[in-house]
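The values are calculated or read from the model by the stated rules, or taken from the named source; none is laboratory data. Predicted model, so just to flag it, every value in this text is computed and none were measured. Cβ: placed from backbone, ideal geometry, glycine included. Neighbour counts: every protein chain shown.
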Amino acid sequence: MGRSVISLDDLTRNNLGTFKKINEVSLPTRYDDEWYEKSFEKNYITKLAFYAELPVGAVRAKAFNCNQIGASYESNQSSKSVQEGVPNSIYVESLAVLEAYRGVGIGNALLNFVIEDTKKRFIHEIVLHVHVDNTEVIEWYKRKGFEQKSEIVKNYYEKQNIANPHAIILSLRV
Amino acid sequence: MVVRHGPILARKEDANFNEALKLYESKQYKKALKLVDQTLKKNSNHAESLALKGCIFHFTGNKQEAEEYIHKALNKGEKNYLVNHLAGVYYRALENYQDAAKWFKATLDNGSPNKHLWRDLSNIQVHVRDYKNLKDSKQAYLEFQPGYRANWTGTAVALHLNKNYSGAVSTLSKIEDIIKDHLQEGDRYEQSECVLYKNSIIAEGGDVEKALEVLEKDDSEIRDRLAFLEYKAKYLYILDRKKEASLVYRELLKRNPDNVNYYLALDDALDLKTKPLETRLRVYEKLQAFYPLSDPPKFLPLCFLPANSPQFHDKAKEYVLSQLKRGVPSTFVNIKHLYKDAAKRDIIAKIVLDFHDNQAPSLAPTVVVWTKFFLTQHYLYLGDFEKANKFADEAISHSPTLVELYMLKARVLKHEHKIAEASQVMEEARKLDLQDRFVNSKSTKYLLRADQVDEAIDKISLFTKLDENAVNGCKDLHLMQVNWVILESAEAYTRLYHAYAKELASLESTNKEEEESEAEVELHEKVELYRGLAIKRYQAIVNIFKSWYNDLFDFHSYCLRRGTPRDYLQSLKWSDHLGATPIYPRAIEGLVSLYLELNEQISTSAEANLGDSSKTKKNNKKQKKARAQNLKKREELIAKVESVKNESDPLGTEFLKSLYSKECNILDLAFALVKPLTEEAQDNVITWRVAYEVYLKQGKYILALQAIKNLERILNPHKTKKLRSMAERVVRLNKACREDQTTNAAIIKVVEKGISTTYPDFNESDVPGFLKLYSH
């Protein structure tokens, strides 16, 4: 009825539980409560995606200096290293869509939001890690114009209990 | 307002009194008291001053002395209208309306010139439903002040309440005639209401033809066009002018095509039930074309089409699937009404299952999840928990962020009596959306069902107002009269009390020592604590209903002044059945059960010899010691459970103690709670269930028999079942009646006769056989 079936809305303290739930069921990696608490700090870009008013996807990214990129999943999720240096890229920490709602454009909407927000901040690069075996996702990002950067980061997900815990870095110039 | 121009105040004390009265009326209680005391010092028999002192005491919070002074004053000056008036004011403030009415009446009878009292008196009379005397007061007040329309309307209302329809109508017509030519624009609303009120009385009196005629005549006076059309349609239908009635109903449908009652009335007016199915269906199809967004024309055919007709299948399919495809969460609730017919139920289930398996997966993902949601409810309805759980789990793993799914899953678990698990699932739902008040209250309720009262109150406190220094919202919940939380708390406390009492009993039976063990003391304390709190919470609900009733007092003057007699009458009727509000009987049953239990315990412990007393003493000492140690803990507890700030008896212990005392007749208390229920909530099972128990204990066997008959009427309306629960009641009644030595032989006979007419199968010598026969 004139309204799009897909919409985006802000993350708030009240629907933080929904964000948690989406990440828990859709991503192999784990985030602790402290991580979620940081969502409301200044450097973070967060958004929830809704399909027919049902929350089905979420993204969180932060502005940081790409020289600071860490060699392990945990070091990148903690924000300590981020404080130093002028932010020159946006790092996508998590982007998740519920399995039953994939392929209808929700990830696209979330990514576009991040891209737009990146431009607004006069930053020209978006960076993220993907598990090396997750070819489906890697293909998805590549279709969106992402390019693989350098070589594989060994043992990136070592403490996350994932088989073959290596990651690749993808980046997009905007 | 108290009279100024009393008898001639010859003496000084009267002058003094008059001065004091003025001060009292302007709420300068201290100064007034000083003057009154001066008078009483000289003449301690001055009745007016005594009465005034009583009133001053009442309003300054000295309740006990207030009563004494009022009594004294009435003794000395029963015929003094000033004393009478002050007594009336005092009793009205006490909310003792019977006595207030009595003394206001006495004031007027003893020659008070203050005719305004007729109004005060009539307000009290209508509040206690003394319609007979109300009529006279209203009449007297009307004669005193005929210049106000409200007084005419008030007299008409009084006559109407006495079923004097023609008197009411002529009173209303008379004032209509008088002010016909003087109406301002501002009076038009009242005029419209009064005209409609008059009309409804004419119809209620039975002369519908006249009512219709007057309605048409008054057409231009009536502003409430909806009421005009509804009245007109109803009258035409009653007068068997159905064709015309149907036209008016069609007009009403144009105004509001979502009101199902208009469709049903139109159906009747067109006599569709007697016409062939096809014709009836066609009417609804047409209506649906006219009002495509309205639900009734789509739904109603599903009610009257027989399950085996092919149209039913097609219509049901269209109805259910169109909603599922749109993802309407309430689809199941919308069609649940049809589930009374098992054949229709099965057809609908088949349609939805087929849709779920074949069509839904190719549609939007939300369609899949709402279909699973529907099927969970379907199987829950059938009591097939396995399938209900299966669909609920599938739905949750499909859309784990949809709050409704968790709530439904919790409901399924609740029906399986997995209360703790259900509560956890509900909490999971709550965490998804903290600002959703509905799921917050559900989570609270489920926690209360799981007997976690403190946690529950903490949860709902997110949505209550927090006073300064308050640890939770318990006080606000009482202030806001959140009955369901209070009731669920009471029930949870009752369960906790029973659980600890059981634990204590088993501990006591194993511990043969002279002295109570530490654990026993502790348990004993818990038992009394939770029992006290449970009684307290139940009592809070009783108090809330009492205050609702008292709040209605102001409406007696307000509604007439606003010129809304129709709504006023409706509110009177509503408040006559305040006790039928479902939550009230439930609270009464809980409270009375605790009372009866306590009564039983007191009488059995009184029968047991008093040799135990030394032991109890010791226990008390020990308890005291433990209490002293736990003083701080106790304070924390009080902060959590207080219902108002600085409550005098926050844990209900004092009240419980008063119940133990010899002067207290617990059965009388229980009876006082049950009696209003038997008048206001006659169609509620709980009423008669709890009344039966009280009557039995009180030895009122004929009333107990009445309660049984009423229960049978509600539980077994078609007399098709032989209910075990009823048979057991009959057996218990018979036994109690037989064993009671004090019962009059005639009463036994009446009960026996009553039992044998209602339960011809009952045979005293073969109780097991009787119970066997009643197996439902």
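Results, tabulated for the structure shown:
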{"quantity": "B:G652 being out of contact with any Leu (no Cβ under 7 Å at 6 or more places or on another chain) and at pLDDT below 95", "calculated": "no"}
{"quantity": "Whichever residue in the range B:102-126 is closer than 19 Å to B:D551 by Cβ and hydrophobic (A, V, I, L, M, F, W, C) and, among such residues, is surrounded by the fewest Cβ atoms within 10 Å (Cβ to Cβ)", "calculated": "B:V126"}
{"quantity": "Condition broken by B:V439, with the remaining ones in (1) assigned by TED's automatic domain parsing to the domain that holds B:A534; (2) under 27 Å from B:Y406 (Cα atoms); (3) of a type in the set (V, I, T) satisfied", "calculated": "(1)"}
{"quantity": "Single match in A:L98, A:L128 (criterion: within 14 Å of another protein chain (Cβ to nearest Cβ) and either touching a Ser or Thr at 6+ places or on another chain (Cβ under 8 Å) or within 16 Å of A:I45 (Cβ to Cβ) (or both))", "calculated": "A:L98"}
{"quantity": "Conditions (1) of a type outside the set (S, T, Y); (2) in contact with a helix residue (DSSP H, G or I) (Cβ under 7 Å, 6 or more places away or on another chain); (3) surrounded by fewer than 20 Cβ atoms within 10 Å (Cβ to Cβ); (4) under 26 Å from B:A342 (Cβ atoms); number of the one not met by B:K431", "calculated": "(4)"}
{"quantity": "Scan of the range B:37-92 for residues that are assigned to a helix (DSSP H, G or I), surrounded by fewer than 21 Cβ atoms within 10 Å (Cβ to Cβ), modelled with pLDDT under 90 and of a type in the set (S, T, N, Q), ordered by number", "calculated": "B:Q38, B:Q64"}
{"quantity": "Which numbered condition A:A52 misses (of (1) at pLDDT 95 or above; (2) within 14 Å of chain B (Cβ to nearest Cβ))", "calculated": "(1)"}
{"quantity": "Any hit, the range B:322-333, residues being away from every other protein chain (no Cβ under 12 Å), without any contact (Cβ under 8 Å) to a residue 40 or more places away in the chain, polar (S, T, N, Q) and touching a Ser or Thr at 6+ places or on another chain (Cβ under 8 Å)", "calculated": "yes"}
{"quantity": "For B:L302: the one exception among (1) more than 23 Å from B:K317 (Cβ to Cβ); (2) touching a residue at least 40 places away in the same chain (Cβ under 8 Å)", "calculated": "(1)"}
{"quantity": "Qualifying positions in the range B:372-418 - in contact with a Lys or Arg (Cβ under 6 Å, 6 or more places away or on another chain), hydroxyl-bearing (S, T, Y) and either without any contact (Cβ under 8 Å) to a residue 24 or more places away in the chain or surrounded by fewer than 18 Cβ atoms within 10 Å (Cβ to Cβ) (or both)", "calculated": "B:Y379"}
{"quantity": "Residues (more than 22 Å from B:G590 (Cβ to Cβ) and not in a helix (DSSP H, G or I)) located in the range B:454-483", "calculated": "B:T464, B:K465, B:L466, B:D467, B:E468, B:N469, B:A470, B:V471, B:N472, B:G473"}
{"quantity": "Among (1) at pLDDT below 90; (2) out of contact with any Phe, Trp or Tyr (no Cβ under 7 Å at 6 or more places or on another chain), the one test that A:Y73 misses", "calculated": "(2)"}
{"quantity": "So A:G70, is it surrounded by 15 or more Cβ atoms within 10 Å (Cβ to Cβ), more than 13 Å from every other protein chain (Cβ to nearest Cβ) and without any contact (Cβ under 8 Å) to a residue 24 or more places away in the chain", "calculated": "yes"}
{"quantity": "Tally, over the range A:13-42, of residues that are more than 9 Å from chain B (Cβ to nearest Cβ) and more than 27 Å from A:E158 (Cα to Cα)", "calculated": "3"}
{"quantity": "Helices (runs of 4 or more DSSP H) within the range B:346-453 that include 2 or more residues within 14 Å of chain A (Cβ to nearest Cβ), at pLDDT 95 or above and over 24 Å from A:E99 (Cβ atoms)", "calculated": "B:419-432, B:437-449"}
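For (1) over 25 Å from B:I348 (Cβ atoms); (2) aliphatic (A, V, I, L, M), each residue gets a yes or a no:
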residue: B:L253; (1), (2): yes, yes
residue: B:A265; (1), (2): yes, yes
residue: B:T274; (1), (2): yes, no
residue: B:R282; (1), (2): no, no
residue: B:E285; (1), (2): no, no
residue: B:A289; (1), (2): no, yes
residue: B:K298; (1), (2): no, no
residue: B:P306; (1), (2): no, no
residue: B:E318; (1), (2): no, no
